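The values are calculated or read from the model by the stated rules, or taken from the named source; none is laboratory data. Computed from a prediction, not measured in an experiment: that's the story for all the values here. Please note: Cβ atoms are built from the backbone with ideal geometry, for glycine as well, and neighbour counts cover all protein chains shown. When the accessible area is computed, the model is the full protein with side chains, heavy atoms only, and any ligands, DNA or RNA have been set aside. Shrake-Rupley method; radii C 1.70, N 1.55, O 1.52, S 1.80 Å.
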There are 2 protein chains.
Amino acid sequence: MDNTRLKAYAELIVKKGLNPDPGQEVIILAALDQPEFVRLVAEECYRAGAAKVTVDWQDMPLNKLAQLYQTEEKLGSIEDWEIEKLKWRVEKLPAFLWLDSDDPDGMDGIDQGKRARAQMARFPKIKPYRDAMENRFQWCIAGVPGKEWACKVFPGISAEEAVEKLWEAILTTARAEGDPIANWEEHNRVIHERCSALNDYKFIALEYQSSNGTDFRVGLMEQGIFAGGAEKDLSGRIFNPNIPSEEIFTSPKRGEAEGVLVSTKPLSWQGSLIENFSIRFEKGKAVEVKAEKGQEALERMIAMDEGAAYLGECALIGWDSPINRTGILFYSTLYDENASCHVALGRGFENCVADYDKYSQEQLRAMGVNDSMIHVDFMIGCRDLNITGITADGRKIPVFRFGEWCF
Amino acid sequence: MDNTRLKAYAELIVKKGLNPDPGQEVIILAALDQPEFVRLVAEECYRAGAAKVTVDWQDMPLNKLAQLYQTEEKLGSIEDWEIEKLKWRVEKLPAFLWLDSDDPDGMDGIDQGKRARAQMARFPKIKPYRDAMENRFQWCIAGVPGKEWACKVFPGISAEEAVEKLWEAILTTARAEGDPIANWEEHNRVIHERCSALNDYKFIALEYQSSNGTDFRVGLMEQGIFAGGAEKDLSGRIFNPNIPSEEIFTSPKRGEAEGVLVSTKPLSWQGSLIENFSIRFEKGKAVEVKAEKGQEALERMIAMDEGAAYLGECALIGWDSPINRTGILFYSTLYDENASCHVALGRGFENCVADYDKYSQEQLRAMGVNDSMIHVDFMIGCRDLNITGITADGRKIPVFRFGEWCF
């Protein structure tokens, strides 16, 4: 890929995605596939004034070996120094960038039960620090082509060609052409205007219907708001948590969800694919799941903890989204979730409550923001999806008709 | 490179180099160049019973960015969690493997003074933990071709060909052909026999002469021993700290070195090349250095701390060593030090004192084992090098004549 285009993408990620403060530290999580690009991004961070940039290189094949050979006890344990590192993050609040190039099938063949149990054992030790960092630092997820990922998205051609085609798709969908910074300023303006329009209705619920079997109603919090595009952390730093991002989303009210959602794209969860599935909800909780592929993984997912069977996100994306228009199935949540309306099981978003910083975490939970160790998006958008907003006085406002925004 | 040969090399590194205990953890330091090989090695460690294998991926271009952009204060600092990690290492004593593929010029152009001052500021915070681990765990350094390194060793051909040729040289010099395990058992037997012969003489000094200007005498400790090949850590675990290794070495007596040593190969120190240099010693201390290239780096090196100007190692390697026979200048200490007689400035080896575990570190220092934050080998071997051992009763025993072992 042409270096000028990569530099422009790196600059977009750092300036609009992460926006590090001068003197702030940056942590970058990256796989080994594109070291030159990771170095470009690191240098952009330094140019933006970062005091120190640390790259935590991740390698899925090594993670798979760990799952295969380590004991469940070892996988579920955490060393004192790792806790100290979390404390350091809570104190220093480095900006956090994930350059995602995960192989969607990279963890196939491991013992998913062992992995889940180890995660469940480890999570409570991490959670206090994760909670203490919530909304207090800038973070961003952006895509970078990995070889295995590219070959999955573009099968039947050489790995080199597949990587090049995936770069092209990543740069296009990230609006990284021309003047990427200006593109994102305009993009954020459009998203924020639509959020305002939605928030003015003060919907108490959304209803979803489509011909594939989706027939579903979800309650919304009285204080809930729709958000999207650029966000602010609690100290007012503006960042774009996802590049690309097309969604407008809210955190629904825990306990109010009835009916069936039918998936419209495969879901890659922890390196395993779940395909052609549906989930039935009662009183907010997933009570029945059916998957043509990955049934066991799906069942395990909603049993990860108490909140894993409840919803944490409802996201709205028009069928004409630039990502959907590529016609590419990315096998990656970052992209596929921005191609289509979706919901997420698990942890909700505290910042989808108006003035959320005035409430304690307990108060936010009581309002209906779900909590869980997982947050897994799955796609329900399709050509004939209708979504209707219900107002407090019972009016039914069309939000989506035939997969597209009504306003 | 053929996968069967790589697997045999990985097995050699793990079984003979590192030899992890069942249940022990392993840390691998590796660059990003050969991830498939690093994964092979990690899996070998697990097969040998390692409880957990952690790869600390290192990237010299990122380290260079850090040197260019971070403040000296930041570079010299260490976080509490890093100290906790050192404490964890002292407690758990994981085996440590460095898969070296460093670019010999990779740090060229940085401010060496800033780097050295930062290291000097950081080192005292790390030293207590390093001292506490000394001789208590297995460690190994083995080579893996990096692209930049290969292109330096084999200029004028494609990077791919250069890497392949460097793999070939690495496997040959590591005796990783045929049955590598059996090769190393025989190799260790030969080395240990030669060590016994040397130790029986109880030399009090070595004298070096060659036509290039080397004219030098170094004192040896009364309790000093020559060692080489497989070593034992304090709990009796046998490991080979270097693959390849051709040297027989001792830790000379601090304070007794007179005359001039002339280098016979370039030295890559911290990513900078120092070429055609000589060092003059008085009362054990380097008092004058002259380098055609890298004068400043060399001066800085011997000023890193008080012990950096004293010797920590005298190593003997015959001119017919398999590494020298390749005719390749590797620009890598691991290889070049095993091609030729060398000495090292800086830290000496406690385990070059007979029954060293019966003495305190203070006692070992008093006997003459040098201490420093550095340990830098440089080559003095050549075709006409003569080395003569001096016994307590004044006999002069030829050890090397015309670059070769006399026994």
Mean separation of Cα contacts under 8 Å (6+ apart) over length of segment B:161-300, as relative contact order %: 17
Antiparallel DSSP beta bridges within chain B, percent to nearest 5: 75
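Return the calculated 222 nm mean residue ellipticity for chain B, to the nearest 500 deg cm²/dmol, obtained by summing -39500 (n - 2.57) across DSSP H runs with n ≥ 4 and dividing by the residue count. Walk me through the numbers on the way to the answer.
Details: 13 runs with 140 residues, N = 407.
Computed ellipticity for chain B at 222 nm equals -10500 deg cm²/dmol.
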Accessible surface of A:VAL353 - all protein chains present, 1.4 Å probe, nearest 10 Å²: 0
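If DNA, RNA and ligands are ignored and the probe is 1.4 Å, what is the ranking of A:ILE317, A:ILE328, B:ILE204 by accessible area, most exposed first?
On the way: A:ILE317 5, A:ILE328 35, B:ILE204 70 Å².
Largest accessible area first, the list is B:ILE204, A:ILE328, A:ILE317.
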Segment A:366-403 versus segment A:348-363: alpha-carbon centroid distance in Å: 19
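Quick one: length gained pulling A:SER158 to A:ASP320 fully straight, 0.36 nm per residue minus the C-alpha distance? Don't jump to the answer; show the numbers that get you there.
Numbers: separation 162, 0.36 × 162 = 58.32 nm, distance 3.01 nm.
Gain on stretching A:SER158 to A:ASP320: 55.3 nm.
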Long pairs among B:LYS253/B:LYS285; A:LYS16/A:LYS165; A:LYS87/B:LYS85; A:LYS52/B:LYS152, criterion Cα-Cα beyond 18 Å: A:LYS16/A:LYS165; A:LYS52/B:LYS152
Burial of 20 Å² or greater, segment B:18-39 residues [accessible area, probe 1.4 Å, versus chain by itself]: B:GLU25, B:LEU32, B:ARG39
Cα-based Rg and Dmax for the protein assembly as shown, where Dmax is the largest Cα-Cα distance (Å): 30.9, 109
Cα gyration tensor category, rounded, prolate or oblate, for segment B:248-375 with a/c compared to 1.5: oblate
In Hz, Karplus ³J(HN,Hα) per residue of segment B:88-105 (6.51, -1.76, 1.60; θ = phi - 60°; x = Gly, Pro): 4, 5, 4, 6, 8, 6, x, 5, 10, 10, 10, 8, 7, 9, 4, 5, x, 9
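If you count only protein heavy atoms with a 1.4 Å probe, what accessible area per residue comes out for the protein assembly as shown, rounded to a whole Å²?
For the protein assembly as shown, the per-residue accessible area is 40 Å².
If you roll a 1.4 Å probe over the protein assembly as shown with all protein chains in place, what percent of the accessible area is carbon or sulfur?
49
How many square angstrom of accessible surface are buried between B and A, both sides summed, with a 1.4 Å probe and rounding to 100? It would help to have the intermediate numbers written out before the result.
Details: alone 17560 and 17580 Å², together 32290 Å².
That pair of chains buries around 2800 Å² in total.
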Long-range HN-HN contacts of A:TRP319 with modeled amide H, under 5 Å: A:GLU404, A:TRP405
Label point 7 Å beyond Cα along the C-beta direction, distances from A:ASP108 to other copies (nm, shortest first): 4.5
Cα centroid of segment A:130-157 to Cα centroid of segment B:127-147, whole Å: 34
Highest-MSF residue in chain A out of A:LEU261, A:LEU385, A:LEU65 [GNM, Cα springs under 10 Å]: A:LEU65
Förster-model FRET efficiency, 60 Å R0, B:LEU329 and A:GLU258, C-beta, rounded to 0.05: 0.20
Cα gyration tensor category, rounded, prolate or oblate, for segment B:197-288 with a/c compared to 1.5: oblate
Amide H within-cut-off set for B:ALA257, under 5 Å, with H built and near neighbours excluded: B:GLY219, B:LYS283, B:GLY284, B:LYS285
Nonlocal amide H pairs with B:ILE274, under 5 Å, H built at 1.01 Å: B:LEU267, B:SER268, B:TRP269
Cα gyration tensor category, rounded, prolate or oblate, for segment B:78-233 with a/c compared to 1.5: rounded
A:LEU6 accessible area, assembled protein chains, probe 1.4 Å, Å²: 20
A:ASN183 paired with B:GLU299, simple spin-label distance in nm, labels 7 Å along Cα-to-beta-carbon: 5.2
Gap separating the Cα centres of segment A:217-260 and segment B:30-93, nearest whole Å: 37
Per-residue mean of C-beta atoms belonging to partner chains within 10 Å, peptide B:51-63: 5
Order of exposure, largest accessible area first, which applies to A:CYS406, A:CYS314 with probe 1.4 Å: A:CYS406, A:CYS314
Distance (nanometres) between label positions extended 7 Å along Cα→Cβ at A:GLU36 and B:MET120: 3.9
Those residues of segment B:78-111 for which accessible area with every protein chain present is at least 50 Å² below the isolated value (1.4 Å probe): B:GLU79, B:TRP81, B:GLU84
For A:ILE279, solvent-accessible area (1.4 Å; no DNA, RNA or ligand), Å²: 0
For segment A:169-175, 3J(HN,Hα) per residue [Karplus equation, 6.51 cos²θ - 1.76 cosθ + 1.60, θ = phi - 60°, Hz, x = Gly/Pro]: 5, 5, 5, 5, 5, 7, 6
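If exposed means no more than 14 neighbouring beta carbons inside 10 Å and the site is in a DSSP loop, what's the longest run of chain B without any exposed trypsin sites (Lys or Arg not before Pro)? Can you show the working numbers first?
Values: sites that count: B:ARG136, B:LYS283, B:ARG383, B:ARG395.
Counting at most 14 other Cβ atoms within 10 Å as exposed, the longest clean stretch of chain B is B:137-282.
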Shielding score for B:284-292, defined as the mean number of other chain Cβ atoms within 10 Å: 0
3J(HN,Hα) from dihedral phi, segment A:137-149, Karplus parametrisation 6.51/-1.76/1.60, rounded to Hz, x for glycine, proline: 8, 7, 9, 8, 10, 9, x, 9, x, x, 4, 5, 4
Alpha carbon convex hull of chain B, volume per residue in cubic angstrom: 135
